[in-house]
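Inspection log for the structure reproduced underneath, given as structure tokens.
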Amino acid sequence: MQEVFYENLGLVNKEFRTEYIRSFERFLDSGWFILGNNVKEFESKFAGYVGVNHCVGVGNGLDALTLALKACNFPIKSEVIVPSNTYIATILSIVECGLKPVLVEPDINTYNIDPALIETAITKNTRAIMPVHLYGKVSDMGKIGEISKKHDLKVIEDCAQAHGSKYKNKMAGSFGAFGCFSFYPSKNLGALGDGGAVTTNLEEFSNLIKMYRNYGSIVKYQNDLVGKNSRLDEIQAGFLLTKLKKLDCINDHKRKLAQIYFNNLKTDYILPQQHPDFFDTFHVFAVRHPKRDHLRAYLLENSIKTEIHYPIPPHKQKAMRGMLDERSYPISEEIHSTVISLPISYAHTETDIYHVVEVLNKF
């Protein structure tokens with residue numbers, strides 16, 4: 001029986017091994033291990049890739065969101081609008097800054113925040129909208145941009161799953177005041193450990209993030225802000241520079257695998273929405289099925305591994321008790337109870353995916 005892994009990071013990174021070793025040797029020989037030339041070069045090249053003026057490397061995706069919020073300097077208890085079906089890190093960043101997350105339901109077809117529901121959630125305390133480009137699809141930034149301008153709200157993009165994703169040919173991370181990225185190893189642009197970045201067009205914001213990530217300091221031993229230690233590792237920046245050269249190839253490969261699902265899966269499965277305005281990069285290929293748990297067990301019996309992104313909605317997480325409105329979010333709950341992530345790794349072949357389709361169509 002053919003086995004199909006969900007993700008194999010060893011295989012994903014195998015083709016980069018030689019350049020990784022060269023990068024490590026250059027890093028080791030340099031003797032400069034924190035905020036050196038690798039970080040500077042990656043920040044410059046990733047800013048250019050996203051199409052913004054500035055990029056600041058930080059420790060991880062959660063810190064990217066948290067430091068972006070800190071740079072906004074919102075009053076304590078200010079409200080930030082966020083999708084109700086996001087990964088909990090998005091919400092943790094808001095809570096960590098002493099702000100209030102306000103959940104808004106997603107569009108059942110795109111899984112991203114529904115712009116039609118945002119304005120009803122805006123109050124006198126609302127200061128920002130934090131759209132999450134889930135699974136590699138950019139949110140409807142046209143409508144979100146209009147709403148933010150109308151109500152004078154900051155837009156902070158959670159781009160953790162959207163490296164290279166586009167809306168109307170414009171890159172994720174270039175729409176809002178900030179774009180916040182994670183380089184967790186399983187991302188399309190994944191490091192060999194934790195890493196993150198904040199993108200922005202404003203030099204003032206870039207300088208603030210640089211201070212916050214480094215103990216509140218830009219001048220050595222001079223601390224102007226209450227900051228933290230959240231610096232992109234010099235060694236990880238070197239690995240990311242190697243992989244950034246191939247990011248478009250990685251995305252193209254995953255898009256080809258996605259098209260096999262689109263072209264061949266039977267109609268029992270609710271597939272991701274496709275639209276010409278959106279260039280999706282399929283960090284995750286999420287389908288929905290009313291018998292999700294039975295389906296997942298069936299696939300495992302047939303040696304096909306899957307994931308669920310995510311099994312528990314944020315408002316039902318124990319850690320969030322008392323922090324979120326304790327009401328029902330039926331669209332989010334429907335997604336969380338029916339969604340399943342199918343294999344779609346840079347390490348998968350087209351043969352792998354055709355096999356997965358064959359098994360799925362027998363369910």
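Pull out all pairs, ordered by first then second residue, where Cβ-Cβ is under 8 Å, the residues are six or more apart or on different chains, the first lies in the stretch 1-24 and is outside any strand (DSSP E or B), and the second is aromatic (F, W, Y). Pairs that qualify, where the first residue is outside any strand (DSSP E or B) and the partner is aromatic (F, W, Y), are V12/Y346; N13/Y20; F16/F239; Y20/F239; S23/F239. Exactly one residue out of S139, S186, S148 is under 30 Å from A116 (Cα atoms) and part of a loop (DSSP other than H, G, I, E, B): that is S139. Among the residues of the stretch 188-195, is any of a type outside the set (A, V, I, L, M, F, W, C), surrounded by fewer than 23 Cβ atoms within 10 Å (Cβ to Cβ) and more than 25 Å from N109 (Cβ to Cβ)? Within the stretch 188-195, one or more residues are of a type outside the set (A, V, I, L, M, F, W, C), surrounded by fewer than 23 Cβ atoms within 10 Å (Cβ to Cβ) and more than 25 Å from N109 (Cβ to Cβ).
The set of residues in the stretch 332-363 that are crowded, with 19+ Cβ neighbours inside 10 Å and among the hydrophobic types (A, V, I, L, M, F, W, C) comprises I335, V339, I340, L342, I344, I353, V356, L360. Among the residues of the stretch 127-141, some residue qualifies, meaning at least one is over 16 Å from the mean Cα position of the chain (by Cα), within 25 Å of L62 (Cβ to Cβ) and either in the same structural domain as Q274 (by TED's automatic domain parsing) or touching a residue at least 12 places away in the same chain (Cβ under 8 Å) (or both).
If you check K166, K170 for being in contact with a helix residue (DSSP H, G or I) (Cβ under 8 Å, 6 or more places away or on another chain), in contact (Cβ under 8 Å) with a residue 24 or more places away in the chain and basic (K, R), only one passes: K170.
When N223, N201, N229 are checked against the criterion of being out of contact with any Lys or Arg (no Cβ under 9 Å at 6 or more places or on another chain) and surrounded by fewer than 16 Cβ atoms within 10 Å (Cβ to Cβ), a single residue qualifies: N223. Taking the stretch 25-47 only, how many residues are in contact with an Asp or Glu (Cβ under 9 Å, 6 or more places away or on another chain), assigned to a helix (DSSP H, G or I) and not β-branched (V, I, T)? Here the count works out to 4. When S44, S23 are screened for being surrounded by fewer than 19 Cβ atoms within 10 Å (Cβ to Cβ) and over 28 Å from V104 (Cα atoms), only S44 passes.
For the stretch 159-173, the set of residues classified as buried (at least 21 other Cβ atoms within 10 Å of the Cβ) and either in the same structural domain as I344 (by TED's automatic domain parsing) or assigned to a loop (DSSP other than H, G, I, E, B) (or both) consists of C159, A160, Q161, A162, H163, G164, S165, A172, G173, listed by residue number. Evaluate the stretch 247-265: report whether one residue or more is farther than 19 Å from V4 by Cβ and either modelled with pLDDT under 95 or not in a helix (DSSP H, G or I) (or both). No, because not a single residue in the stretch 247-265 is farther than 19 Å from V4 by Cβ and either modelled with pLDDT under 95 or not in a helix (DSSP H, G or I) (or both). All of (1) in contact (Cβ under 8 Å) with a residue 40 or more places away in the chain; (2) in a loop (DSSP other than H, G, I, E, B); (3) out of contact with any His (no Cβ under 9 Å at 6 or more places or on another chain) hold for V219 with one exception: (1).
The values are calculated or read from the model by the stated rules, or taken from the named source; none is laboratory data. Please read these numbers as outputs of a predicted model, since none were measured by experiment. We place every Cβ from the backbone using ideal geometry, glycine too, and count neighbours over all the protein chains shown.
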